[in-house]
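Chemist: My questions all concern the structure below.
Any read-out appearing in this document is the output of simple, stated calculations on the displayed coordinates, not a laboratory observation. This is a predicted model, so every value here is computed, not measured. Cβ atoms come from the backbone with ideal geometry, glycine included; neighbour counts cover every protein chain shown.
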Amino acid sequence: MKCSESLDEESPHDQVPSAEEIKSTSVSQENQRLSSRAALFARNIPFVLFAVLFVGFLLGFISMTLAIGEEEEHSTAASPHAVESQPNKSIPLERRLQKILVGNGENLFLENLYSYQTLAIERIKQEHQVYAAYSDTRLKQVYGLLSFYFATSDTDWPSAPLWQSMNDECSWEGITCNTAHLVVDIDLSGFGLNGAIPLELILVESVRSIRLDDNPGLSGNIPSFLGRMKLDTLTLTGCGYVGEMPYEICQSKFDRILSILEVDCWDKIACDEICCENCAY
């Protein structure tokens, strides 16, 4: 009997755990894992925050640097108040002139000794000591103005003796410069100009206002390149121009770059009413 009873009794080690015990054990183990992960995460929080802050600072610094670079580049290229760069004195003046002319699609050693380009170059070379100290920007400016002078004068402009006697272009009649010696205004109204405005005038990159009124000797079509010069004022009344207003000039007006445009309309210049709202009839 005792043997039989001992067989019927189950050992505590042989008992099968209940479902609740299994569930409780699983939950306990899961809680332990979560606690371990939470502790690990808590230990790593300072490093994560440092990494996030460092990346944010780095991205902000890069963005600020790029923005400043773009702003400086834009202001230097477009602003008439930009400070001129210093000349490269290691390069001879003649080579610097050649560089300018090649960039403008011309040749330094022009075959026509009496062309306005050649006359402008010779004038600069005659005053080598003065113009060698000019920056490339200002040297281009002088060449552009002298080309304009020789291209539109059969003889010397009677009302502009300083263009021949003075080397400083900012002292010439009708020329206004800013403190950086860059031309911002050209007013040669009634100066007796003849012929055509040369393309070289576009080398005067800082100019914002051109007034050439009352020069009937300026004839033919209005030059289209004037629309690419970022002018805010262009007046050509009383000149000999005929034909159509160039698209480039009207586009500059539509883009609100050119604010004031005054020309002789109707029987002389065909122009859109929106473009030429200030016509001189």
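Chemist: Got a sec to turn the phi values of the stretch 164-180 into Karplus ³J(HN,Hα) couplings, 6.51 cos²θ - 1.76 cosθ + 1.60 with θ = phi - 60°, whole Hz, x for Gly and Pro?
Modeler: 9, 9, 10, 8, 6, 4, 6, 9, 6, 4, x, 10, 10, 10, 8, 5, 8
Chemist: If you plug each phi of the stretch 238-249 into the Karplus form 6.51 cos²θ - 1.76 cosθ + 1.60 with θ = phi - 60°, what whole-Hz ³J(HN,Hα) values come out, in order, with x for Gly and Pro?
Modeler: After applying 6.51 cos²θ - 1.76 cosθ + 1.60, I find x, 9, x, 6, 9, x, 9, 5, x, 4, 4, 6 Hz.
Chemist: Among the listed pairs Lys140/Lys253; Lys99/Lys125; Lys99/Lys140; Lys230/Lys253, which have their C-alpha atoms separated by more than 21 angstrom in this model?
Modeler: Listed pairs above 21 Å: Lys140/Lys253.
Chemist: State, to one decimal in nm, how far the label point of Phe57 lies from the label point of Glu248, with both points 7 Å from Cα in the Cβ direction.
Modeler: 5.1
Chemist: How much length would be gained if the chain were fully extended between Asp255 and Ala180, taking 0.36 nm per residue of separation minus their Cα-Cα distance, in nm to one decimal?
Modeler: 24.2 nm
Chemist: Apply the Karplus curve 6.51 cos²θ - 1.76 cosθ + 1.60, θ = phi - 60°, to the phi angles in the stretch 201-208 and return the couplings in whole Hz, x for Gly and Pro.
Modeler: Per residue, the Karplus-derived 3J(HN,Hα) values read 4, 5, 6, 7, 6, 8, 5, 10 Hz.
Chemist: Also, I was wondering about something else. Order of 136-143, 272-279, 225-232 by packing, highest average Cβ count within 10 Å first?
Modeler: 136-143, 225-232, 272-279
Chemist: Using alpha-carbon positions, what is the distance between the centroids of the stretch 229-249 and the stretch 136-152, in Å?
Modeler: Using only Cα atoms to place each centre, the spacing works out to 20 Å.
Chemist: Report, in cubic angstrom per residue, the convex hull volume of the C-alpha atoms of the stretch 160-281.
Modeler: Given the Cα convex hull of the stretch 160-281, per-residue volume reads 95 Å³.
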